[in-house]
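J.: Here you go, one structure.
The values are calculated or read from the model by the stated rules, or taken from the named source; none is laboratory data. Note that the structure is predicted; figures quoted are calculated from it, not measured. Because the Cβ atoms are built from the backbone with ideal geometry, glycine has one as well, and the counts that use them run over all protein chains shown. In case anyone asks, the SASA skips ligands and DNA or RNA and just uses the protein heavy atoms, side chains included. Shrake-Rupley method; radii C 1.70, N 1.55, O 1.52, S 1.80 Å.
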Amino acid sequence: MELRFKTTYVNDELKYAVGLVGPNGAEEFAMRVIDPTHIIMTDPETWTPGTDPSALFGITEEEYNWKDTDLEKLDELAQKLRTDIPTDRLLAERDGVRKKDRVESIDYGKYVRYRKERNERRRDELIARMLGAEELYCMYCGETNKPYVFQYSFLQMFEDKAVAMELANEYRKRNIPLLVSTFTRDQFNRENEKSVFQELQVLGYPIIMFFDAEKRQGMIPIKEIVKHSAYIGQKNNLIYGNPRLDFAITNLYQFLRTPNNMDRSDPEKFKEAVAKTLSFMESRVVEALSDTRFLVPTKTMPDGKVIPAMIKMSQKKPAAPAAEGAEEAAKTEAAEETIEKNFLPVFTNGMEFVSDKDQFKAAVVPLDDIIKMVREVKLDGILINMKSKCAMPCGEERFAQVEKFREWKAEHMPDAEQNSDVPETLEAPAEVGGDEAPADTPFVPIVNKNNK
């Protein structure tokens with residue numbers, strides 16, 4: 001398979017061209033140098049017109065832009081590539097190309113290898129720059145109290161606060177109310193200490209789109225950050241979590257609570273699009289629930305019996321409208337009916353786990369055992385992460401959805417593996433009490449008070 005080199009600038013005198021190579025949407029910047037071995041210039045009698053030898057080299061975006069800003073530098077680069085022929089930049093070599101056809105084919109395999117190596121170098125540079133910063137700035141969603149999820153897959157971090165604020169203002173103009181949250185180096189790269197990057201992994205965020213001070217950007221998997229040589233924080237993640245479930249819940253609540261950019265010109269189509277998106281997000285929640293385990297607050301009684309915690313929730317139900325012609329006093333007396341529901345509190349990770357009394361500790365319990373417990377005690381369901389802005393109640397309707405998904409999965413995906421996010425064995429976290437976790441609890445606060 002071959003890819004095409006699309007020329008955007010040509011220097012006929014120095015015999016080079018710059019352009020783009022690769023599939024649409026994934027092009028790399030490149031320079032084609034005619035006569036890399038100086039056959040034309042040093043021994044013109046051996047050269048046959050129309051069969052110029054050439055070499056194709058990868059160049060940076062900054063070098064590519066010299067065609068518009070600094071042609072002298074571009075000329076120097078062409079001469080250097082022609083003389084040195086650096087193998088780490090070499091994409092392809094050709095015995096000859098047609099002079100009048102400003103298009104050249106390159107070897108696809110060599111292009112893929114070059115792109116992979118270049119991306120790795122670029123990623124390594126960006127990670128080192130990220131970890132060396134004094135502060136990092138993150139696009140934050142106040143409605144969920146978590147980093148904002150873009151395109152259901154990544155969050156945005158910045159090296160420079162001004163760049164972050166500028167982009168946040170642009171989002172606000174589009175009716176997306178984002179905050180800018182600040183993380184200090186102590187939070188993300190302190191020697192042998194827990195890191196905010198580990199917390200993001202626990203919450204299911206897979207990728208960071210990082211912007212440096214020059215607004216250059218790169219997509220960086222979070223798992224690569226904690227493996228980098230410049231990362232000096234704690235290497236092992238000690239926080240229990242359900243990344244798939246947490247991330248699915250975050251996406252769902254963010255969609256429900258923040259404006260979106262769907263086309264509203266046709267109300268019916270808009271309604272249909274919202275319904276489809278919600279259905280998709282709900283299905284991700286159900287899929288993640290189907291093979292998960294939760295942290296459940298439990299207390300050991302003097303007789304050795306272990307009992308779970310329970311919380312009550314009250315909900316006001318408006319009374320039925322008074323009959324027409326009834327006196328005002330009668331309407332006032334039609335007080336709202338209070339409905340009480342009882343839930344079993346459960347938590348997706350060690351950061352969310354809280355209990356109101358110190359005697360409660362966490363037990364790791366599979367969903368099936370939790371459902372059985374709820375039914376035996378005749379509770380209304382479970383409440384996931386009760387103190388979070390993304391607290392989610394789940395009752396019999398949700399349990400039925402989980403069972404229906406399992407039946408579908410057994411029929412259509414009989415060999416599918418269990419959710420790898422859930423470890424087979426795990427020691428219970430440290431005892432937690434009150435609103436704040438003790439110092440030895442695996443917890444790094446991601447909620448910063450300096451959101452702006």
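J.: Write down the accessible area per residue of segment 116-192 in Å², having rolled a 1.4 Å probe over the full set of protein chains.
T.: Per-residue value: 48 Å².
J.: How much of the DSSP beta bridge set in segment 132-224 is antiparallel, as a percent to the nearest 5?
T.: 75 percent
J.: Filter the trypsin sites (Lys or Arg not before Pro) in segment 220-291 down to the DSSP loop ones having no more than 12 other Cβ atoms within 10 Å, then list what survives.
T.: Passing both the DSSP loop test and the Cβ count: Lys227, Lys235, Arg264.
J.: Could you pull out every residue, at least 5 positions away or on a different chain, whose amide H is within less than 5 Å of the one on Leu178? Hs are placed 1.01 Å off N in the peptide plane, and Pro or chain starts have none.
T.: Arg172
J.: Using a simple charge model, +1 on the beta-carbon of Lys and Arg, -1 on the beta-carbon of Asp and Glu, nothing else, what dipole does segment 192-288 show about its Cα centre, in debye to the nearest 20?
T.: 140 debye
J.: Taking 29 Å as the cut-off for C-alpha to C-alpha distance, list the pairs among Lys341/Lys361; Lys305/Lys372; Lys235/Lys372; Lys146/Lys194; Lys67/Lys227; Lys341/Lys404 that go past it.
T.: Beyond 29 Å: Lys235/Lys372; Lys67/Lys227.
J.: Which trypsin sites (Lys or Arg not before Pro) does segment 143-180 hold that lie in a coil by DSSP with at most 11 other beta carbons within 10 Å?
T.: Filter output for segment 143-180: Arg174.
J.: While we're on this one: Met165 to Glu62: FRET efficiency via 1/(1 + (r/R0)^6), r the Cβ-Cβ distance, R0 30 Å, to the nearest 0.05? It would help to have the intermediate numbers written out before the result.
T.: Numbers: r = 25 Å, r/R0 = 0.82.
Efficiency, rounded to the nearest 0.05: 0.75.
J.: To continue, here is another question. Taking the alpha-carbon set of segment 200-279, what are its Rg and Dmax in Å?
T.: 17.7, 53
J.: Which loop-located GluC sites (Glu not before Pro) does segment 115-150 contain, where loop means any DSSP state but H, G, I, E or B and the Cβ has at most 10 other Cβ atoms within 10 Å?
T.: Here the sparse-neighbourhood loop sites are Glu134.
J.: Bin width 10 Å, origin at 0, all Cα-Cα pairs of segment 190-247: what percent of pairs per bin?
T.: Here the calculated profile for segment 190-247 is 23, 48, 26, 3.
J.: Now for a separate question. Can you grab the distance from the C-alpha centre of segment 128-192 to the C-alpha centre of segment 226-281, Å, no decimals?
T.: With segment 128-192 and segment 226-281 each reduced to a Cα centre, they are spaced 16 Å.
J.: What percentages, rounded to whole numbers, describe P(r) for segment 363-410 computed over all alpha carbon pairs with 10 Å bin width beginning at zero?
T.: The calculated distribution, bin by bin, is 23, 51, 25, 1.
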